[in-house]
Amino acid sequence: MDGLPTQNTSALALPRLQLNKGSSTSASGSESKPKKKICCACPETKKLRDECIVEHGEEACAKWIEAHRICLQAEGFNVEIGI
């Protein structure tokens with residue numbers, strides 16, 4: 001066992017740990033930003049909201065507007081109430 005390079009093995013483990021730290025930092029930074037454009041996020045609630053507004057008017061569709069807003073916020077967008 002005298003021929004095993006124990007110092008080189010520990011030196012190889014250190015860069016891997018540093019890479020993991022770097023990747024977790026960048027991953028947490030990207031999680032706070034939306035992964036899609038706002039126009040492409042939440043297509044289901046967007047469709048329901050838009051159809052309701054066309055057929056019944058904005059005032060009658062508050063629940064669909066709110067559902068879409070909540071979905072967008074869950075995707076990472078900062079959406080405020082515009083009414």
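Which residue out of His68, His56 is at pLDDT 90 or above and open to solvent by 70 Å² or more (accessible area, probe 1.4 Å)?
One residue alone meets the criteria, His56.
Give the number of residues within region 51-64 that are closer than 19 Å to Glu75 by Cα and charged (D, E, K, R).
Going through region 51-64 one residue at a time, the tally reaches 1.
Does any residue in region 71-83 that is closer than 16 Å to Ala41 by Cα come within less than 7 Å, Cβ to Cβ, of a residue that is at pLDDT below 90 and exposed (fewer than 10 other Cβ atoms within 10 Å of the Cβ) six or more places away or on a different chain, and which pairs are these?
Cβ pairs passing all conditions: Gly76/Ser32; Gly76/Lys33.
Go through the residues of region 24-43 one by one and say whether even a single one is modelled with pLDDT under 95 and over 24 Å from the mean Cα position of the chain (by Cα).
Looking for residues that are modelled with pLDDT under 95 and over 24 Å from the mean Cα position of the chain (by Cα), one finds none in region 24-43, hence no.
The values are calculated or read from the model by the stated rules, or taken from the named source; none is laboratory data. For clarity, every value in this text was computed on a predicted model and none was experimentally measured. Note that each Cβ is placed from the backbone with ideal geometry, even for glycine, and that neighbours are counted across all protein chains shown. The accessibility values were calculated without ligands, DNA or RNA, using every heavy atom of the protein model including side chains. Shrake-Rupley method; radii C 1.70, N 1.55, O 1.52, S 1.80 Å.
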